[in-house]
Amino acid sequence: MATPVYKAPRGLRDVLPEQMGAWRWLESTAHELARRFGYREIRPPLLEETELFARSVGEVTDIVEKEMFTVRKAEHSFTLRPEGTAGTVRAYLEAGYAKTAPFQKLFYLGPMFRYEKPQKGRERQFTQFGIECIGSLDPRLDAEAVLLAVSFFRELGLGGLEVRLNSMGDGADRDAFREAVRAHVEPNLARYSEESQRRFERNVLRILDSKDPRDIELNQGAPRLVDHLGDENRAHFDRVLALLDEAGVDAVVDPTIVRGLDYYTRTVFEVHCPSIGARSALCGGGRYDHLVEELGGPDLGAVGFAIGFTATLAALGDAGLLEGRDEAPADCFVASADDATHDAAFAVACELRAAGVSAVFDQEARRLKGQLKLASKAGHPLVAVVGSAELADGTVQLKDMSSKEQETVPRAELVGRARARLAATGVSAADGSSSAGA
Ligand code: HAM
């Protein structure tokens, strides 16, 4: 076959039907857990005004300086969302929740876009499952967010994960920390990367999450905010740690976590899977107590996280947990025994579908043997065979592919028999999924 002329743009990829079983598993787990924790789904648009991200993620951040997919139309500038928090808070304010029902627990699931260098675990379009709990400063909600993330991975069966927490402080301790980082960086400023030198004046804290090896080296021994927290922020952080401990979450305090987005205050956390390599963060999040106000709303606390599907799928794949997650084939393959019954096979497939039993038929007029081979290879649990004799006496041969039993069934009873056999093999006729596997 000739090489395709067009390819997906670099860093973007197709999710093919073969991979959909795994994706749906993640999506349904996300939906179920979010519901269990009291979160409701929100679907903000993929495009927002560019200014929204500069304002929330921060003007002097990798995302805003280098990674945004931006389009200009007339005098407007729009950006494909690089993350979900900004759009969710914008939607929260626009919907009037701040006045009508300020405490909201919202979740989203969908694609995000960042113009990053494509590499293992980094894509330019990637999917996140994110939650945002807006309207409270209660540390129980920080702990709950961590617990929800941990429960998601537990539910998928993923082990060997590390939950890392830090506090970014807020107010006076954050200001003092900024000055301390300045004092640490300044004597060696000329040896830092150009980017960090540029950021020194405008956003010194971003120097701490620089990926440049020179900066990483120079950042050794930089001050750690968690050591200088004011009383209130210390108490908040200790409470979160205690709640997680009580809930049985094995979290470690990692003072090096600073996150790459500017809106964070107090608790920040990441969930890592060290075995997948350098880009090991499956989840990142934390508190952002000034963002609602920054975007024009009242002074309300908020906390959230986002789980990346790319890294999660990599971790699941490495752990062998994606085996057998393929989407189930149609419940019934309808075969025609001879040339006279092709249309009858089509009609039988239509009858089954109308009754909620998924069905496919052979579109290539293969010989019966070929059709049965095909059906067996594809793993359809049932095969219905329509031949001229059956057509004449109003019956169908129904074959159960697991027990190999075959029975002659009056056409009017086919749906009922098919359902009974599917129920016996653990396949639900309603959604075509196997209750035993995927
Ligand atoms: P983030 O740390 O930028 O946080 O992203 C969260 C997760 O998304 C990462 O841990 C990673 O698994 C995945 N991710 C990020 N960029 C890429 C990429 N280029 N390719 C593949 N996966 C990626 C946020 O986005 C915040 N909005 C999270 C949050 C919500 N904080 C509070 N609320």
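The figures follow:
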read-out	value
Inter-probe distance in nm under a simple model that places probes 7 Å from Cα toward Cβ, at Arg234 and Arg24	5.3 nm
Rounded FRET efficiency, nearest 0.05, which uses the C-beta distance separating Leu137 from Thr100 and R0 of 30 Å	0.90
Residue-level accessible surface for Arg325, protein heavy atoms, 1.4 Å, Å²	50 Å²
Compactness index (Cα Rg / 2.2 N^0.38 Å), region 1-109	1.36
Proximal lysines relative to Lys404, as straight alpha-carbon distance under 22 Å, when same-chain residues fewer than 8 apart are discounted	Lys369, Lys373, Lys377
Vicinal HN-Hα couplings computed from phi for region 44-57 (Karplus, 6.51 cos²θ - 1.76 cosθ + 1.60; Hz; Gly/Pro x)	x, x, 6, 9, 9, 5, 3, 3, 4, 6, 4, 5, 9, 5
Surface accessible to a 1.4 Å probe, per residue, for the residues of the chain, Å²	49 Å²
Kirkwood hydrodynamic radius over Cα pairs of region 332-424, then Stokes diffusion coefficient at 37 °C and 0.692 mPa s, in µm²/s	257 µm²/s
For region 304-321, 3J(HN,Hα) per residue [Karplus equation, 6.51 cos²θ - 1.76 cosθ + 1.60, θ = phi - 60°, Hz, x = Gly/Pro]	x, 7, 9, 9, x, 6, 4, 5, 5, 5, 5, 5, 5, x, 4, 7, x, 8
Percent accessible area from carbon and sulfur atoms, the chain, protein chains only, probe 1.4 Å	52 percent
Full-stretch length increase - Arg122, Ser403 - with 0.36 nm per residue and alpha-carbon distance subtracted	96.6 nm
Separation of the Val253 and Glu41 label points, Cα + 7 Å toward Cβ, nm	4.0 nm
Sparse-neighbourhood loop sites, chymotrypsin sites (Phe, Trp or Tyr not before Pro) in region 272-374 - DSSP loop, at most 12 other Cβ within 10 angstrom	none
Set of lysines with alpha-carbon distance to Lys211 below 18 Å, sequence-local pairs under 8 removed	Lys66, Lys117, Lys120
Binned Cα-Cα distance frequencies in the chain - 10 Å width, integer %	4, 18, 24, 20, 13, 10, 7, 3, 1, 0
Helix 231-246 axis, angle to the chain major axis (alpha carbon atoms, nearest 10°)	30 degrees
Furthest towards positive pole of dipole, His31, Val150, Met401, structure part the chain, Cβ charges	Met401
Net charge over other residues, Cβ less than 9 angstrom from the Cβ of Thr267 (K, R count +1; D, E count -1)	+1
Radius ratio Rg over Rh of region 172-228, counting only Cα atoms, Kirkwood formula for Rh	0.93
Mean Cβ neighbour count within 10 Å, used as a protection proxy, ranking 174-181, 382-389, 10-17 highest first	382-389, 174-181, 10-17
Whichever aspartates and glutamates have a C-alpha closer than 18 Å to that of Lys73, once near sequence neighbours (fewer than 8 apart) are set aside	Glu48, Glu49, Glu51
Neighbour net charge for Ala354 - beta-carbon separation under 14 angstrom, K R +1, D E -1	+1
J(HN,Hα) series, region 118-134, from Karplus relation 6.51 cos²θ - 1.76 cosθ + 1.60, nearest Hz, glycine and proline x	x, 7, 3, x, 10, 10, 8, 10, 9, 10, 10, 9, x, 10, 9, 10, 10
Among 222-230, 94-102, the order from most to least packed when residues are scored by Cβ within 10 Å on average	222-230, 94-102
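The values are calculated or read from the model by the stated rules, or taken from the named source; none is laboratory data. Just so you know, these numbers come straight off a predicted model, no measurement behind them. Every residue, glycine as well, gets a Cβ built from its backbone with ideal geometry; the counts of neighbours run over all protein chains shown. The protein model used for the area step is the full one, side chains on, heavy atoms only, and it has no ligands, DNA or RNA in it. Shrake-Rupley method; radii C 1.70, N 1.55, O 1.52, S 1.80 Å.
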